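These notes are about the structure you will find just below.
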Amino acid sequence: MTTPPILPGAEPLSHAAGSTGVLVIHGFTGSTQSMRPIADACIAAGHTVELPRLPGHGTSVEDMSTTSWADWSAHVEAVYEDLALRCERVFVVGLSMGGALTLWLASRHPGVAGIVVINSAGQPSAERTAALAHVVESGQVTVDAIGNDIAMPGVVELAYDQTPLAPLLSLVEAVNDFDLSAITCPTLVMVSDQDHVVPPETADYIASNVGTQATVVHLANSYHVATLDYDAELINSHVVDHIAAHS
């Protein structure tokens, strides 16, 4: 099957610069557009930046329906390993599922210099997994979109208008197997107090279970896609400061 064209604004970004590399990862059914502000802030700070487009994202729901956690995790791991060859140190920053991929990478690669997760998935739930598996087994393919949870009027996330369920199940199952205790790098957890996609208490679970002292920053004015919301500049400055503090 021919891969559909990439939606305008969903293109990957690759910027070569300083000896510090930053891997920036977008969320489930979203695109690079939601993380471009962070990528641009890191570029302005002089860093080498990779903002990949995850397989099946930024094209069509049908394209995404053929992908799973195995595809997304393999892709970000390959980008990370290439970045690590080119840079003295690598930081990873992720939103939502991008946060989950960030946690997964850091648990597997002790050389990661530091991570920032924003409204990240990461708390296991056997009940949620069983319920979603039941829906998938019933033959239902999609549900309504989870994108565009943004408080600021007039801001639109470039995301799908449907959520493919089989890929979502692969994400939920992957989270159940995370070893957060293996994460020992400096960890910054950012969480919106109002999030209609990922329960805010997930942030406390992540911070309590990583194998290091994690810092939690609350975002009082934003919903799930906080990187495009009222707290975007605050997020950008925290990310740049976290990298500077641990480089």
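What follows draws every value from the coordinates through simple rules; no lab data is involved. Everything numeric in this text was worked out from a predicted model, so none of it was measured. Note: ideal-geometry Cβ built from the backbone for every residue, glycine included; neighbour counts use all protein chains shown.
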Q.
From the phi angles alone, apply the Karplus equation (6.51, -1.76, 1.60; θ = phi - 60°) to the range 167-174 and give each ³J(HN,Hα) in whole Hz, x where the residue is Gly or Pro.
A. x, 4, 4, 5, 5, 4, 5, 5
Q. By how many degrees, 0 to 90 and rounded to 10, does the Cα axis of helix 126-137 deviate from the longest principal axis of the chain?
A. 50 degrees
Q.
I need the fraction of alpha carbon pairs in the range 110-189 separated by more than 16 Å, rounded to a whole percent.
A. 66 percent
Q: Mind telling me which of Gln140, Gln194, Gln123 comes out most flexible in a GNM of the chain, alpha-carbon contacts under 10 Å?
A: Gln140
Q: Can you tell me the FRET efficiency between Glu88 and Asp161 if r is taken as the Cβ-Cβ distance and R0 is 41 Å, rounded to the nearest 0.05?
A: 0.45
Q) Scattering from the C-alpha atoms of the range 35-74 alone, worked out with Debye: what is log10 I(q)/I(0) at q = 0.20, 0.27 1/Å? A) -0.68, -0.84
Q. Sorted by mean Cβ packing within 10 Å, highest first, what order do the peptides 157-166, 238-247 take?
A. 157-166, 238-247
Q: Assuming a ≥ b ≥ c are the square roots of the Cα gyration tensor eigenvalues, decide whether the range 98-143 counts as rounded (a/c under 1.5), prolate (otherwise, with a/b larger than b/c) or oblate.
A: prolate
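Given the DSSP H assignment, sum -39500 (n - 2.57) over each helix run of at least 4 residues in the chain and divide by its residue total; what's the result at 222 nm in deg cm²/dmol, nearest 500?
So the calculated ellipticity at 222 nm is -11000 deg cm²/dmol.
Calculated FRET efficiency, Val143 and Ser247, Cβ-Cβ r, R0 41 Å, to nearest 0.05?
0.50
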Q) What ranking do 170-183, 31-44 get when scored by the average of other Cβ atoms within 10 Å per residue, highest first? A) 31-44, 170-183
**Q.** Pairwise centroid distance, computed over Cα atoms, of the range 201-222 with the range 1-69, Å
**A.** 24 Å
**Q.** the range 1-61 shape via C-alpha gyration tensor axes, a/c threshold 1.5
**A.** prolate
Q: Provide the per-residue ³J(HN,Hα) series for the range 74-83, in order, calculated from phi with Karplus coefficients 6.51, -1.76, 1.60 and θ = phi - 60°, each as a whole number of Hz, with x at glycine and proline positions.
A: 5, 5, 5, 5, 5, 5, 4, 5, 5, 5
**Q.** Point-to-point label distance, Val217-Leu13, nm (Cα→Cβ direction, 7 Å offset)
**A.** 1.7 nm
Q | the chain: projected area of the alpha-carbon convex hull, averaged over directions, in nm² | A | 12.2 nm²
Q) Roughly how many nanometres apart are two label points built 7 Å out from the Cα toward the Cβ at Ser237 and Gln194? A) 2.3 nm
Q: Over every pair of different alpha-carbon atoms in the range 1-133, take the mean of 1/r and invert it; report that Kirkwood radius in Å.
A: 15.1 Å
